[in-house]
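Asks: There's a structure below that I have some questions on.
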Amino acid sequence: MRSLPQLIAEDIHAIDAALGALVEQSEATSAIILDMAGFVITRAGEPDGMDLSTLGALTANAYAATQAIAGLIHEPDVTSLYQEGEQSCLLISKINGATLLLVIFPAHVSAGAVKYFSVSTVATLVAQLETAEKRAPGEKLDLSALNLSDTSQIFVQRS
């Protein structure tokens, strides 16, 4: 699993703009960027009081389980998952080896439209993450290794 590059305010603004456009264009309820461990990086839209920590963890695990199943049938990679419900649907898309895009949308909205707009959003997100990676190639962030009781190593001012 790849680690997340160091993100600065400029990266988050660009990512948030892409997510906001996706929510607006696709009529989704919300769009959420997660790392592969399920930690929420940023989001757009309103997830209607959902527990985002649990949702992120379950989304990452669902993707990992589907990726494992794909390996059993000799499929090297899964790029997206779709879950359809009576009221809400989910589209999980792989952005890169470190991040996922979760789009939550009402069941009456076309899944095809959401997937269509998600493809261009993923391309935009890949480009922004690559920009962040090039800015500081040796600086990685693995959110799953975070010690939540001591975040001093994360919030360090660099010169």
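Asks: Say we join alpha carbon atoms closer than 10 Å with springs in a Gaussian network model of the chain; which of Pro137, Pro76, Pro106 then has the biggest fluctuation?
Replies: Taking springs between Cα atoms under 10 Å, the residue moving most is Pro76.
Asks: Between the DSSP loop rule and a limit of at most 12 other Cβ atoms within 10 Å, which GluC sites (Glu not before Pro) in the range 8-102 are left?
Replies: Sites meeting the loop and neighbour criteria: Glu86.
Asks: How much net charge surrounds Leu55 when only other residues with a Cβ under 15 Å from its Cβ are counted (Lys, Arg +1; Asp, Glu -1)?
Replies: -3
Asks: Which whole-number percentage describes the relative contact order of the chain, with Cα contacts under 8 Å and a sequence gap of 6 or more?
Replies: Normalised by residue count, the contact order of the chain is 30 percent.
Asks: Among the complete DSSP H segments of the chain, which ones combine at least 18 Å of alpha-carbon extent along their axis with a mean Kyte-Doolittle hydropathy of 0.5 or more?
Replies: Within the chain the helices that satisfy the rule are 52-72.
Asks: Name the long-range amide H neighbours of Thr29: under 5 Å, sequence gap of 5 or more, or other chain; modelled H, no Pro or chain starts.
Replies: Ile104, Phe105
Asks: Of the listed values (1) 14.6; (2) 10.2; (3) 15.6, grab the one calculated as mean projected area of the Cα convex hull in nm² from the structure here.
Replies: Recomputing mean projected area of the Cα convex hull in nm² here gives the entry labelled (2).
Asks: Net charge near Gln128, counting Lys/Arg +1 and Asp/Glu -1 over other residues with Cβ under 14 Å of its Cβ?
Replies: -3
Coordinate-derived values only; no laboratory data. The structure presented is a predicted model; accordingly, all values stated were derived computationally and were not measured. All Cβ positions, glycine included, derive from the backbone under ideal geometry; neighbour counts span all protein chains shown.
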